[in-house]
Amino acid sequence: MQKGHIAPLSPANRMPPETQPAHATSFLATQRRDLWWVEPAFVFLVLTGFVAYATFRVFEGNDAATRFFEVDNGNYHYLSPFGTPDLTPFVPGWLTGAVGQLPLLGAFGVALLSNPAFLILPVPAGFRFTCYYYRKSYYRAFAARPAACSVEATKGHKYRGERGLLVLQNIHRYFLYLAILVTAFLAYDAVRGIWTPHGLYFGIGNAIMVLNVALLMAFTFGCNSFRHLVGGGIDCYSCDAISQTKYSFWQAVTRLNQRHALWAMLSLFSVALTDVYIRWVGMSGATTLFGVPV
Ligand code: FES
C-alpha cells in the first residue's frame, strides 16, 4: 500500500462497535480482576427468591382465613402488601362465569379471580419488571449478555438494544400510574394499622408497615418516568412560578433517583418482610405481645 493511502472501509468496519457481530469467545471470559460477578449473582438470588416466595403466597390457602393477608385480633389490624387493596369485589360476575365455563381450568381460574394477591400483584410486578434499573439488573443476571461490563456474553451473542418484543418495556410509565395508586392504598393501610377499627394501636407490625411504605415511596417517586412527569415537557425552568415549582419537584425526585437501585432492593426486602411478619402473626395467633394500645 502506498504511503499516505487510506484503505477503504469494509462494510463490517463501517458498523459502530456495539452493532458488530460478537466474536466467538469463551462465556464470561474477562480480564477484570475485581468481584464483578457479585452483583449479578446477588440480583439472581434475590429476584429468584422473591418470585418463588410471591408465587408460594399467591397459591397458599383457599380463602381469607388461611391466606393471612389481613390479621386482626381486636387490638392489632395488619394488612399485607400481598393482598391489598382487595380488588376481588370488583371482578364482574360475567367474567367469573365465563372463566368457570373453561374446560379443565375453570375451577382453577375462578379460584384465582377470588384471590386478592393474584389480582393486585401484577401491578407491582409489572412496575418492577419494566423499571430501568431492574431491566439492567436482570438482563445481566439472567441473560448474561453480558453479565457485566467487559465480560464476554454467550458465544456469538451480545446485547443489541431493546428491540422486538422488548419495546413493550416502554409501558413502564403506565405501570407507574398504577403503582402510585397501590402505594397510596398501602399508605392508607399503614395508617389504618395504627388507627385501627378498635382504637389506636402500635406494634412491631406497624413499624414494619410504615417503613415499607416509606421505602416504596422512595422507590416509586424516584422513578425515571416520574422525573419526566414532574419536570418534563418544559423548555425553561426559571421563566415563571409554575416552571420554577416544577424545577424544585424535579430536583427532589432526582435526589431520590440517584439512589434508585438502593430503594429498589430495600423496598423489595421490606415488602417481603412485611408479608412474612403479618403471615407469622396470623399463623401464630400472637396477641399484643409485640405492641400496645396507645
Ligand atoms: Fe425504576 Fe421507574 S425507572 S421504577
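On the Cα set of region 128-285, report Rg and Dmax in Å, please.
Looking at region 128-285, its Cα Rg and Dmax stand at 19.6, 64 Å.
For region 199-284, what D do you get in µm² per second when you plug the Kirkwood radius from alpha-carbon pairs into Stokes-Einstein at 20 °C and 1.002 mPa s? Spell out each step's value before the answer.
Working: Rh = 14.8 Å.
In µm²/s, the coefficient is 145.
Given the Cα-Cα distance of Val51 and Trp195 and 0.36 nm per residue of separation, how much length would full extension add, in nm?
Stretched fully, the Val51-Trp195 segment lengthens by 48.7 nm.
Tell me which residues come under 5 Å, amide H to amide H, from Arg160 once H is placed; ignore anything under 5 positions away on its chain.
Correct list: empty.
Do the sum for the chain: with -39,500 (n - 2.57) for every DSSP H run of n ≥ 4, divided by all residues, what is the mean residue ellipticity at 222 nm, to the nearest 500 deg cm²/dmol?
-16500 deg cm²/dmol, from helical runs alone.
If you average the sequence gap of Cα pairs under 8 Å that are 6 or more apart and divide by the length of the chain, what percent do you get for the contact order? Working shown, then result.
Working: 330 pairs, mean separation 71.7, N = 294.
Averaging sequence separation for qualifying contacts and normalising by length gives 24 percent for the chain.
Could you tell me the convex hull volume per residue, in Å³, taken over the Cα atoms of region 234-276?
In region 234-276, the Cα hull volume divided by residue count equals 82 Å³.
I'd like to know how the chain sits against the 2.2 N^0.38 Å rule of thumb: what's its Cα Rg over that expected value?
The reported ratio for this selection is 1.28.
Taking the number of other C-beta atoms within 10 Å as the exposure measure, put Arg135, Arg140 in order starting with the fewest.
Arg135, Arg140
Along Cα→Cβ, 7 Å out, is where each label goes; now give me the distance between the ones at Phe142 and Ala64 in nm to one decimal.
It works out to 3.4 nm between the two label points.
With the contact rule set at Cα under 8 Å and sequence spacing of 6 or more, what percent relative contact order holds for region 48-144?
RCO, region 48-144: 23 percent.
Which helices pass in the chain if a helix is a full DSSP H run, must span at least 15 angstrom along its long axis by Cα, and must have mean Kyte-Doolittle hydropathy not below 0.5?
38-59, 172-194, 204-220, 260-284
Give me Arg259, Arg279 ranked fewest to most by other Cβ atoms within 10 Å of their Cβ, as a rough exposure proxy.
Placing the least packed residue first, the sequence is Arg259, Arg279.
About the Cα centre of the chain, what is the dipole size in debye to 20, counting +1 per Lys and Arg Cβ and -1 per Asp and Glu Cβ, all else neutral?
1320 debye
Would you work out which of Gln101, Gly161, Ser243 lies farthest towards the positive end of the dipole of the chain, given +1 charges on the beta-carbon of Lys and Arg and -1 on that of Asp and Glu, about the Cα centre?
Ranked along the dipole, the leading option is Gly161.
Tell me, Asp72, Asp240 in order of fewest to most beta-carbon neighbours within 10 Å?
Placing the least packed residue first, the sequence is Asp240, Asp72.
Region 161-245: D in µm²/s via Stokes-Einstein (Kirkwood Rh, Cα pairs, 37 °C, 0.692 mPa s)?
Working: Rh = 15.7 Å.
My calculation gives 209 µm²/s for D.
No lab work stands behind these numbers, since they all come straight from the coordinates. Being a predicted model, the structure only gives us computed values, none of them experimental. So basically every Cβ, Gly included, is an ideal-geometry build from the backbone, and we count neighbours across all protein chains shown.
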